[in-house]
1. Between residues in segment 1-28 that are under 24 Å from G70 (Cβ atoms) and residues that are of a type in the set (G, A, S) and part of a loop (DSSP other than H, G, I, E, B), which pairs lie under 9 Å by C-beta distance while being six or more apart or on different chains?
2. Within segment 16-35, work out how many residues are closer than 15 Å to V105 by Cβ, β-branched (V, I, T) and in contact with a Lys or Arg (Cβ under 9 Å, 6 or more places away or on another chain).
3. For L69, only one of the following conditions fails: (1) exposed (fewer than 13 other Cβ atoms within 10 Å of the Cβ); (2) under 21 Å from V5 (Cα atoms); (3) of a type in the set (A, V, I, L, M). What is its number?
4. If we keep just the residues of segment 111-128 that are aliphatic (A, V, I, L, M) and in a helix (DSSP H, G or I), which is nearest to L26 (Cα to Cα)?
Amino acid sequence: MALAVLVLSIVIAVVGAVGIVVPASLLTVAGLFVTPAGLYAAAAFRLVLGTAVFVAAPTSRTPTLFRVLGVIIIVGGLVTPLLGVERARMILAWWAGQGSVFLRVWGGVALAFGLFLAYAIFPRTARVRGGSR
């Protein structure tokens, strides 16, 4: 499960980094999810990420935080389809109207969150292979 969390966290971090450099790209990515199928895809992503974070929690650097984050992400995944396409479009339109600084800040949040997950998924006492001391 740690590998799944690592891969998904890298995806989140990359999207965030691209969003910092090219803020409009966040709107483009979000625009892919304002369809019925897109909402279900976003919900599935959240459910997979939340489950992976929750299951990997015991071996992470921050087990309690990972359990809490896992539950929050899972709940977000369950609620996502209930949002509805029209409300999702309204939210996206509002985001688009906030300007590039706002989008860059959210890109930074995504980058930080992805990097945090990637860092914290590995236990503090992780052994390095191939080296002897």
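1. From segment 1-28, the pairs are A2/S60; V5/S60.
2. Number of matching residues: 2.
3. Looking at each condition in turn, L69 falls short on (1).
4. Going through the qualifying residues, I end up with L111.
Listed here are the residues, each with its yes/no results for (1) touching a residue at least 12 places away in the same chain (Cβ under 8 Å); (2) surrounded by 15 or more Cβ atoms within 10 Å (Cβ to Cβ); (3) of a type in the set (D, E, K, R); (4) touching a Cys at 6+ places or on another chain (Cβ under 6 Å).
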site: A42; (1), (2), (3), (4): yes, yes, no, no
site: L49; (1), (2), (3), (4): yes, yes, no, no
site: E86; (1), (2), (3), (4): no, no, yes, no
site: Q98; (1), (2), (3), (4): no, no, no, no
site: L111; (1), (2), (3), (4): yes, yes, no, no
site: P123; (1), (2), (3), (4): yes, no, no, no
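Every number in this text was worked out from the coordinates using simple rules, so none of it is lab data. Values in this document were obtained by computation on a predicted structure and should not be read as measured data. Please note: Cβ atoms are built from the backbone with ideal geometry, for glycine as well, and neighbour counts cover all protein chains shown.
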